[in-house]
1. First measure r as the distance between the Cβ atoms of MET170 and THR262, then evaluate 1/(1 + (r/R0)^6) with R0 = 41 Å and state the FRET efficiency to the nearest 0.05.
2. What is the calculated FRET efficiency for THR117 to GLU381, with r their C-beta to C-beta distance and R₀ = 60 Å, to the nearest 0.05?
3. On average, how much accessible surface per residue is there in the range 110-183, in Å², for a 1.4 Å probe, leaving out ligands, DNA and RNA?
4. Report the FRET efficiency, 1/(1 + (r/R0)^6), for SER94 and ARG419, where r is their Cβ-Cβ distance and R0 is 41 Å, rounded to 0.05.
5. Give me a comma-separated list of calculated 3J(HN,Hα) values for the range 385-401, in order, Karplus coefficients 6.51, -1.76, 1.60 applied at θ = phi - 60°, integers in Hz, x for any Gly or Pro.
6. Within 10 Å, count the other beta carbons around each residue, average over each peptide in 280-292, 197-209, and list them highest first.
7. Could you pull out every residue, at least 5 positions away or on a different chain, whose amide H is within less than 5 Å of the one on GLY143? Hs are placed 1.01 Å off N in the peptide plane, and Pro or chain starts have none.
8. Please list, or write none, the aspartates and glutamates whose alpha carbon is within less than 16 Å of the alpha carbon of LYS470, excluding same-chain residues fewer than 8 places away.
Amino acid sequence: MPTAAHTRFFRFAILATASVLLARSAVAQGIRSGRLEGTVTDSVHARPLAGVRVVAVAADARPDSRGAASTDSLGRYRIDSLRAGRYLVGLESSLLDSLEITIPPRESTVSEGAVATTDLALPSAAKLRSAVCSGAALPADKGVLYGHAVDATTEAPLAGAVVVAMWREMTVDRKTLRSETNERIASDTTDEGGWYRLCGVPTGTWVSYQLQHLGHSSPAIRQLVDDTLGIAIRHLSLDAGAALPDSAGTPATTGAAAASGTARLTGVIRGTGDQPVASAEVRVLGTRTIARSDASGRYSLVDLPAGTQLLEVRRLGYGIVETPVELRTGATVTGDVRLQKIVNLDSVRVVAIGTRYREFSDHRARSMYGVFLDPETMAQEHAVSMSDIIRKIPGFVIRGEGPFAQVLSARAPSLQPCRANVIVNGVPNQPINDIPPVLVGAVEAYREGEITPNDYFDRRGCATIAIWTKR
């Protein structure tokens with residue numbers, strides 16, 4: 001993809017210095033000058049755009065006729081001491097730079113001793129999405145995942161890599177009023193410059209995506225595409241020179257070696273009021289290195305793999321945080337994390353289980369089979385995902401991680417895996433990790449071959465997991 005930054009009219013060296021020299025020159029020579037002013041509007045959020053740089057350059061490219069200024073809190077700018085003449089006026093925006101979008105400058109004429117007014121604006125969200133998607137018009141509820149993929153060792157663009165995205169859409173049958181969840185998958189191949197764009201992903205919905213290239217893959221990252229702008233920017237990287245994982249099995253079932261490398265990660269864990277949080281457990285998912293923050297909230301992780309990785313931070317009384325980090329071979333990267341305080345319910349005794357989870361209680365009372373995790377048991381679990389809890393139960397194995405995790409019967413032959421039926425609040429065939437453990441009230445687990453309640457009947461005869469969310 002061509003680098004639009006090379007063609008932008010406002011990439012001028014030492015603009016501020018030139019503007020000051022021009023003003024001094026005009027005074028010294030007694031040359032009358034004019035002024036350029038106006039406002040800049042953020043069309044995406046319908047408000048003034050503060051802190052952006054407005055640049056004016058003479059249309060005839062005279063080196064002594066240019067100026068620049070930054071907008072104030074009301075989006076206003078003012079450029080003094082401009083020689084009379086025609087100018088091209090544009091703005092520098094980090095958003096436009098990150099999207100590699102160039103907007104044409106506006107022309108304005110400055111007269112001696114006069115004030116010229118030129119108002120500017122960022123394009124609307126619809127126009128920005130269309131520009132990223134090569135002119136395609138997207139509905140208001142559809143957005144874009146956009147970014148750049150590079151080799152984590154050489155920083156060279158990863159051309160021909162694939163970015164795969166997955167999300168779920170829920171529909172309701174008008175006749176039966178039963179809800180049904182459908183899995184959607186989209187992918188895009190990076191161009192010669194390593195850029196990818198996934199157009200048409202839903203806004204306001206969690207989308208999981210992964211970078212894949214020549215047998216390597218990044219962790220699955222969850223991203224919420226903002227429904228105002230409709231564009232999520234995420235740059236990705238892979239260590240293309242790392243050893244490929246053993247394809248004979250999965251980490252969950254074979255105990256495959258954890259990823260490692262020479263990257264290092266340090267940072268500070270903070271909580272409410274920007275106070276440091278001590279004794280937080282910090283790790284990069286997929287590795288064996290675990291650290292705890294000290295009294296000042298600092299932590300340090302070593303021997304980490306390069307590329308896009310997921311940093312996980314856990315501390316009792318705080319919500320679990322997972323955030324992407326970009327690691328590089330032999331380099332130290334800083335990753336500060338802020339935790340949100342939550343209400344600790346561990347000391348609250350859960351009562352009236354039979355009333356709140358009637359189906360769960362009935363099945364536990366009548367069934368001779370199955371493993372039952374009641375609300376008290378679930379309250380003691382501090383797992384990141386439901387797959388972490390299910391893999392502890394004999395008779396089940398987990399294949400894959402994150403949103404791509406599947407529950408399989410441990411009795412099934414490896415060449416013909418038998419996928420368990422995961423039921424969430426009565427809705428069958430659901431992903432195991434769609435509901436975080438903190439929202440789960442009770443779980444029923446039936447191994448392959450065990451008799452299940454009639455409402456859990458599955459013709460395949462595989463294992464069954466029934467999840468009941470908190471009520």
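The values are calculated or read from the model by the stated rules, or taken from the named source; none is laboratory data. As the structure is a prediction and not an experimental result, all values here were calculated from the model. Glycine also receives a Cβ, built like all others from the backbone with ideal geometry; neighbour counts cover every protein chain displayed. Surface accessibility is based on the protein's heavy atoms, side chains included, excluding ligands, DNA and RNA. Shrake-Rupley method; radii C 1.70, N 1.55, O 1.52, S 1.80 Å.
1. Numbers: r = 44 Å, r/R0 = 1.07.
The formula returns an efficiency of 0.40 here.
2. Numbers: r = 63 Å, r/R0 = 1.05.
Efficiency computed from Cβ-Cβ geometry: 0.45.
3. On the way: 3840 Å² over 74 residues.
Here the per-residue accessible area is 52 Å².
4. Details: r = 45 Å, r/R0 = 1.09.
Efficiency, rounded to the nearest 0.05: 0.35.
5. 9, 5, 4, 5, 7, 5, 5, 7, 8, x, x, 10, 10, 10, 10, x, 10
6. On the way: 280-292: 17.5, 197-209: 19.1.
In decreasing order of mean packing, 280-292, 197-209 become 197-209, 280-292.
7. Placed amide hydrogens put GLY200, VAL201, THR203 under 5 Å from GLY143.
8. LYS470 reaches ASP346, GLU359, ASP374, GLU376, GLU381, ASP434, GLU444.
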